[in-house]
Amino acid sequence: MNYLKKILGILIFFVCTAILFSLDVTTSINVGRTPFNATGLTGKMPDFGFKLILNENLGKNVNGKLAIERHIGIGNVIWGRIAYTTEMINISIGPTLSVFNAGFDNKNVSSIFQPGLGTSLYFKLPIGFFTSLDTNFSIPVAAKTKNVYLQDGHFDLGWRFPNIIASVKISQKNKSIIETSEETHISITDIGFYTVSYSKPSGIRLPLNIVYRLNHFQKPGSMNEKIANIVLESGINHAISSDIEWFINFEASVFSFSLTKSGSTVNKLFFNAEAGIMLNLN
């Protein structure tokens with residue numbers, strides 16, 4: 001409980017300091033469909049997600065972030081970061097809270113908050129090379145009732161060419177539902193090639209990505225299923241001015257197949273559509 005109070009205190013600090021320092025706001029909503037949810041295979045109705053990210057300049061080489069996100073197929077998380085930034089490196093650390101991931105009725109749940117920790121490292125060279133490592137994870141607690149733990153992370157390597165940024169990235173999101181008699185694990189793992197083309201005079205950026213995605217649902221004694229997707233992603237980002245940008249992104253599975261049923265085709269469309277805006281509130 002003391003740890004939870006400290007995390008909430010840090011979140012309140014971020015909100016209060018937003019009044020005193022320059023603030024960048026990114027917000028978006030998205031709708032989509034993944035193969036699995038907490039009970040197994042998803043139905044025909046899509047799910048929804050959102051994000052709100054506040055990025056503050058707290059002084060020389062120091063900035064802070066506070067975010068609230070809902071990841072489709074995984075769950076809800078609140079996280080904060082304090083970062084030390086230079087022209088070549090960015091190192092950050094901060095708390096995370098997974099929230100209401102066992103349902104809003106909170107029946108048979110030991111806590112509606114699962115505290116955790118996040119950290120990241122970003123490094124780039126003037127010649128064009130860059131790499132980053134990021135992770136967020138919940139801290140398991142001893143309990144006799146239901147708990148839900150979230151974890152995500154990524155690692156990428158890339159190069160900045162004239163008018164194009166290209167990278168190879170591995171990422172994963174996990175959700176673990178722990179109860180006294182059983183455990184359920186859901187994961188989404190991506191291995192992809194990512195590009196962003198841009199033209200500075202126009203302020204337009206165009207992403208184009210191809211991703212191999214592995215979706216895994218495991219519940220001992222009930223279901224163990226792996227569905228793979230070949231996913232294409234694209235969109236547009238337009239900087240209207242230095243203070244406002246808007247973006248639209250869309251991804252869809254062009255081919256899906258089961259890895260636990262001899263590669264049989266999965267005739268369902270899995271997709272994600274996102275629209276959002278970024279504001280610089282100086």
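I'd like the accessible area for Leu133, computed on protein heavy atoms only with a 1.4 Å probe and all protein chains in place. Round to 10 Å², please.
So the heavy atoms of Leu133 present about 100 Å² to solvent.
Would you tell me the accessible area of Arg205, worked out with a 1.4 angstrom probe on the heavy atoms of the protein chains, in Å² to the nearest 10?
Ignoring ligands and nucleic acids, Arg205 comes out at about 100 Å².
Assigning unit charges at the beta carbon (Lys, Arg +1; Asp, Glu -1) and nothing else, what dipole magnitude in debye, to the nearest 20, does the chain show about its Cα centre?
320 debye
Run the accessible area of the chain with a 1.4 Å probe and give the carbon-and-sulfur part as a rounded percent.
Summing carbon and sulfur atoms, their accessible area is 65 percent of the total for the chain.
With a 1.4 Å probe and all protein chains kept in place, how do Asp156, Asp47 rank by accessible area, largest first?
Asp47, Asp156
Could you run the Debye sum over the Cα atoms of the stretch 110-255, one equal point scatterer each and no solvent, and tell me log10 of I(q)/I(0) at q = 0.08, 0.17, 0.18, 0.19 Å⁻¹, two decimals?
Debye intensities relative to I(0), on a log10 scale: -0.33, -1.09, -1.15, -1.21.
Return the long-range amide H neighbours of Thr260 (sequence gap of 5 or more, or a different chain), with a cut-off of under 5 Å between placed amide H atoms.
Residues meeting the amide H criterion: Lys226.
Suppose each label sits 7 Å from its Cα in the direction of the beta carbon; what would the Ile244-Phe155 distance come out to in nanometres?
4.2 nm
Quick one: net charge of Val211's neighbours, Cβ under 14 Å, K/R +1, D/E -1?
-1
Please work out how much accessible surface Glu56 shows to a 1.4 Å probe, ignoring ligands, DNA and RNA, in Å² rounded to 10.
0 Å²
What number comes out for the charge environment of Asn249, summing +1 per Lys or Arg and -1 per Asp or Glu over other residues with Cβ under 9 Å away?
-3
Where Lys and Arg each count +1 and Asp and Glu each count -1, what net charge lies around Ile74 among other residues with Cβ under 14 Å from its Cβ?
+2
Take the chain, drop everything but the C-alpha atoms, weight them equally and run the Debye formula without solvent; then report log10 I(q)/I(0) at 0.14 Å⁻¹ to two decimals.
So the normalised log intensities are -1.18.
Can you give me the relative contact order of the chain as a percent, contacts being Cα pairs under 8 Å and 6 or more apart?
14 percent
The values are calculated or read from the model by the stated rules, or taken from the named source; none is laboratory data. Remember, it's a predicted structure, so these values are computed and weren't measured experimentally. Note: ideal-geometry Cβ built from the backbone for every residue, glycine included; neighbour counts use all protein chains shown. Keep in mind that these areas ignore ligands, DNA and RNA; they rest on the heavy atoms of the full protein, side chains included. Shrake-Rupley method; radii C 1.70, N 1.55, O 1.52, S 1.80 Å.
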